[in-house]
Amino acid sequence: TTPPAVPEVPAAPRPPRRALRAVARWTAAVLVFGGLGTGTALAITSAERGDVPGLATEDDGRWAYPKLSLPALPAGSPRPFSEANTAEIHHADLRELLLPAPAGSTPDKALDGGWVKQERFLAEYRAEDRDELAQLLTDTPPRHIAARGWTMPDGTRARIYLVRFNSTAFATHVRDELRIGVAMRWPLAGAVETEFDASWKSPRAVEGVSSYVLTEKAPHGNAHTRQAYSLAGDTLALIVHERPGEAGAARIPFQQTVILQNQLLG
């Protein structure tokens, strides 16, 4: 059967297949050629703060991520959104596409950047919904799930899951079944009431990657959660920032995390 549509998020037309452009105002991409037979690496660095509206101050709350680069590909393997890769498959090791932890963070030993079991991914959701979501992943099984997590000095706990499927169609089907919107079909545990982040602007998205960015509605409980789903070909990413207390998870580092992770997937 045809998966239900996502009413809150009209599907955007497929972007044209052109060479990957840098994210305007946020990041810049610089091609770095590797050795013969190893593919091409892509360095990713941050743009000047003053280039981004609202981020012009010297201390705007961004996290200090290390300089990023895409892993080299096996010889002859195209990048996911190149003209030669009509299936939009990621040929790089999924673990190498995970965003590294920023400076000053404490690594999550359970989410150390390696493979995780499906049960660990399901633990992000409410207990009463896990059986139904598990059935979806049984019917549309992932090939791999990689994850990384860390905690910042202000108490913000970050988690990123990359879920790769056997095809773009499978990843899209799971995205559609999640019914990402104001009323989530399967909300995250502790963040049942959500709303779209109005400050997230589509022009900031990486070509080929569709993002759905939400924040927990006020008043929240003992912690505030921001979350995003990003669909990139055969891979679906879940990005979560959760911070205890009244201050809530900060917007700028969360959007920074989403954009940088999207660049690695794109």
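The values are calculated or read from the model by the stated rules, or taken from the named source; none is laboratory data. This structure is a prediction, so every number in the text was calculated from the model and none was measured. All Cβ positions, even for glycine, are placed from backbone atoms using ideal geometry, and neighbour counts span all protein chains on display. When the accessible area is computed, the model is the full protein with side chains, heavy atoms only, and any ligands, DNA or RNA have been set aside. Shrake-Rupley method; radii C 1.70, N 1.55, O 1.52, S 1.80 Å.
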Solvent-accessible area of S230 with every protein chain in place, 1.4 Å probe, in Å² to the nearest 10: 0
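Applying 1/(1 + (r/R0)^6) with R0 = 45 Å to the Cβ-Cβ distance of K217 and E83, what FRET efficiency is obtained, to the nearest 0.05?
Values: r = 42 Å, r/R0 = 0.94.
Computed FRET efficiency for K217 and E83 comes out at 0.60.
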FRET efficiency for A134 and E207 from the Cβ-Cβ distance with R0 = 35 Å, rounded to 0.05, comes out at 0.60
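May I ask you to compute the full-extension gain from A169 to S69, defined as 0.36 nm times their residue separation minus their alpha-carbon distance, rounded to one decimal in nm? Each step should come with its number before you reach the end.
On the way: separation 100, 0.36 × 100 = 36.00 nm, distance 2.74 nm.
Gain in length upon complete extension: 33.3 nm.
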Considering just Cα atoms, how many Å³ per residue does the convex hull of the stretch 144-222 enclose? 134
Per Stokes-Einstein, at 20 °C and 1.002 mPa s, what whole-number D in µm² s⁻¹ belongs to the stretch 178-266, with the Kirkwood radius over Cα pairs as the hydrodynamic radius? 161
